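The values are calculated or read from the model by the stated rules, or taken from the named source; none is laboratory data. Everything numeric here is computed off the predicted structure, so don't read it as measured data. Cβ: placed from backbone, ideal geometry, glycine included. Neighbour counts: every protein chain shown. Quick note on the areas: whole protein, heavy atoms, side chains included, nothing else; ligands and nucleic acids left out. Shrake-Rupley method; radii C 1.70, N 1.55, O 1.52, S 1.80 Å.
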Amino acid sequence: MDVLAGTPVEPPRPLDGPRGEPGRRRHLVLLALVALGLVAAGLVVLHGKSQAAPQVQVVLSRDGSDVAVEVVAGTDLTQLLTDFELLPVDGRLLSVSGEVLEASIDPAQVLVDGSPVELAGVQLSGQSTRVEVVDGVDRVEGTRTVVEEVPPPAGPDVLRHVEERGAPGRVERTIGEVSGEVASVETVVAPRAPVATTSRVVALTFDDGPSAAWTPYVLEILRSRGVKATFCMVGTAVAKNPELARRIVAEGHQVCNHTQGHDLGLAEAGAERVQGEVGGGRATMIDNGLPEPGYYRPPGGNLSDTVVSVARSQGERVLMWKVDTKDWQSRSTTESVLQNLREQVEPGAVILMHDGGGSNRFTSVAVLATVIDELKAQGYGFTFPIIDPP
Ligand SMILES: [Zn+2]
């Protein structure tokens, strides 16, 4: 390539990838500057080898920017456009994140003196000609909106207080209808985490039953005072007293899994033994027609990560307690039980008592009516460990 004045001029170098839009724009700016410079100097660029051969005045146009060049007649148009990085670019279908989904949905055109041409084989001739490059237009895929429910965050692994259930939230996802890409996520309703209740309620829980000797008394006292409680049952006791276990449920109380055989060593036990006890208790309850327990109470309160995760994996929250009445101790009295209760009770407290196990639940039964009456006198209501928000 030569310039009449004898100064060599190279076609501008690519500033970006061959398809890069910014590169293309900067390139056009460069071209325009080159053209301006040429006009100012009164020069004409020669794109060809021989000054003696016939010349063609060519105006190259793209995106409203023109540049005038002079080339040797017979110059290949594809080569010329290649040299000036003006090869036409088809419009693409893009995903919402800018990925190319289809390379050509709007074919580019090259117009020579206003008429579209197939580039291959076109040679420039005549005295002057105008070449216009019309790129295809990119299009971004359409989107659709889906509304999804978001589950509430999980509460703590171990419950000691009555918990107000969390509530799910809702998000709106805008999704590329071709790519499936998520363009945006908007929270419509934030999920609500479960919280320890501040209401003046307590949850009575009874462990180690059902017991043919003692549970009927407990049920009768609860019924007479209109109180519902949670019974943490041992699988072997359920198998021995299935009718009684079902009566507990029929009277409106909830059930809780207290293992198959009341193994006090589960905190140190391996996964297999934990699975046998925790899974076994649940299976025995279900096999005997009880609802699926939503709580797991560890014998002796003995916990390990394995115990917690096995219980959780079968859908049971670990249910500990805030108030230990120590009614299970052989030396306990109605007075000692009431004393423990008065010292420890607070709104939301889970209260531990017993309706089975051991040799004698006389104290538990003897004190229960007073426990309920005292708490009622203090303004407490009775509920289950997990409740709906007020
Ligand atoms: Zn127990």
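Quick one: Karplus J couplings for the stretch 122-133, per residue in order, coefficients 6.51, -1.76, 1.60, θ = phi - 60°, nearest Hz, x for Gly and Pro?
6, 10, 7, 8, x, 8, 8, 8, 10, 10, 10, 9
Could you give each residue of the stretch 307-312 its phi-based ³J(HN,Hα) in whole Hz, using Karplus coefficients 6.51, -1.76, 1.60 with θ = phi - 60°, and x for Gly or Pro?
Whole-Hz 3J(HN,Hα) from phi for the stretch 307-312: 4, 4, 6, 5, 4, 5.
Pairs of alpha-carbon atoms within less than 8 angstrom and 6+ residues apart define the contacts here; what relative contact order does the chain have, in percent? Write out the running numbers ahead of the final one.
Working: 838 pairs, mean separation 52.8, N = 390.
After rounding, I find 14 percent.
If you place +1 on the Cβ of every Lys and Arg, -1 on the Cβ of every Asp and Glu, and leave all else neutral, what size is the dipole of the stretch 201-387 about its Cα centre, to the nearest 20 Debye?
Charge dipole of the stretch 201-387: 320 debye, to the nearest 20.
Near the amide H of R139, under 5 Å away, which other amide H atoms are found, from residues 5 or more places off or on another chain, if H is placed in the peptide plane?
When sequence neighbours closer than 5 places are left aside, the close amide H contacts are R92, L93, L94.
Name the aspartates and glutamates eligible as straight-distance cross-link partners of K326: C-alpha to C-alpha under 15 Å, and not fewer than 8 places from it in the same chain.
Output for K326: D207, D208, E335, E343, D355.
In terms of modelled amide H atoms, which long-range or inter-chain residues lie less than 5 Å from the amide H of R192?
Under 5 Å from the amide H of R192 lie the amide H atoms of A167, G169, each far enough along the sequence or on another chain.
Among D287, D63, D157, which one shows the biggest mean-square fluctuation in a GNM of the chain, springs joining Cα atoms closer than 10 Å?
The residue that fluctuates most here is D63.
Amide H neighbours of V318 under 5 Å, at least 5 residues apart or on other chains, H built in the peptide plane: list them.
L159, Y296
Residue by residue, what Karplus-based ³J(HN,Hα) values in Hz, rounded to whole numbers, does the stretch 380-389 have, using 6.51, -1.76 and 1.60 with θ = phi - 60° and x for Gly and Pro?
3J(HN,Hα) across the stretch 380-389, in whole Hz: 7, x, 10, 8, 9, x, 10, 10, 6, x.
Would you mind checking the tilt of helix 215-224 against the longest principal axis of the Cα atoms of the chain, expressed as 0 to 90 degrees and rounded to 10?
80 degrees
Any idea of the accessible area per residue across the stretch 201-387, 1.4 Å probe, to the nearest Å²? List each step's numbers first, then the result.
On the way: 7360 Å² over 187 residues.
It amounts to 39 Å² per residue over the stretch 201-387.
Take the solvent-accessible surface of the protein heavy atoms, probe 1.4 Å, and return the percent of it on the stretch 230-381 that carbon and sulfur atoms account for. If you can, show how the numbers build up before the last one.
Working: 3080 of 6210 Å².
Carbon and sulfur: 50 percent of the exposed surface of the stretch 230-381.
Mind pulling the angle between the C-alpha long axis of helix 334-344 and the longest principal axis of the chain? Nearest 10 degrees, somewhere in 0 to 90.
20 degrees
Pull out a ≥ b ≥ c, the square roots of the eigenvalues of the alpha-carbon gyration tensor of the chain, then state rounded if a/c is under 1.5, prolate if not and a/b is larger than b/c, and oblate in the remaining case.
On the way: a/c = 5.22, a/b = 4.60, b/c = 1.13.
Prolate is the answer for the chain, as a/c is 1.5 or above and a/b outweighs b/c.
Can you give the angle from 0 to 90° between the axis of helix 362-377 and the longest principal axis of the chain, with both taken from C-alpha atoms, to the nearest 10?
Value to nearest ten degrees: 60.
Sorted by packing (mean other beta-carbon atoms within 10 Å per residue), highest first, where do 104-112, 355-363 land?
Numbers: 104-112: 15.3, 355-363: 18.7.
Ranking the peptides 104-112, 355-363 by packing returns 355-363, 104-112.
Taking Cα pairs under 8 Å and at least six residues apart, what relative contact order does the stretch 144-192 come out at, in percent? Don't skip to the answer; put the middle values down first.
Numbers: 85 pairs, mean separation 20.5, N = 49.
It rounds to 42 percent for the stretch 144-192.
Can you bin the stretch 201-387 into rounded, prolate or oblate? Criterion: square roots of the alpha carbon gyration tensor eigenvalues sorted a ≥ b ≥ c, rounded for a/c under 1.5, prolate for a/b above b/c, oblate for the rest.
Details: a/c = 1.63, a/b = 1.44, b/c = 1.13.
Prolate.
Can you give me the % of accessible surface on the stretch 43-190 that is carbon or sulfur? Probe 1.4 Å, all protein chains present, nothing else counted.
Numbers: 3910 of 7900 Å².
Carbon plus sulfur share of accessible area: 49 percent.
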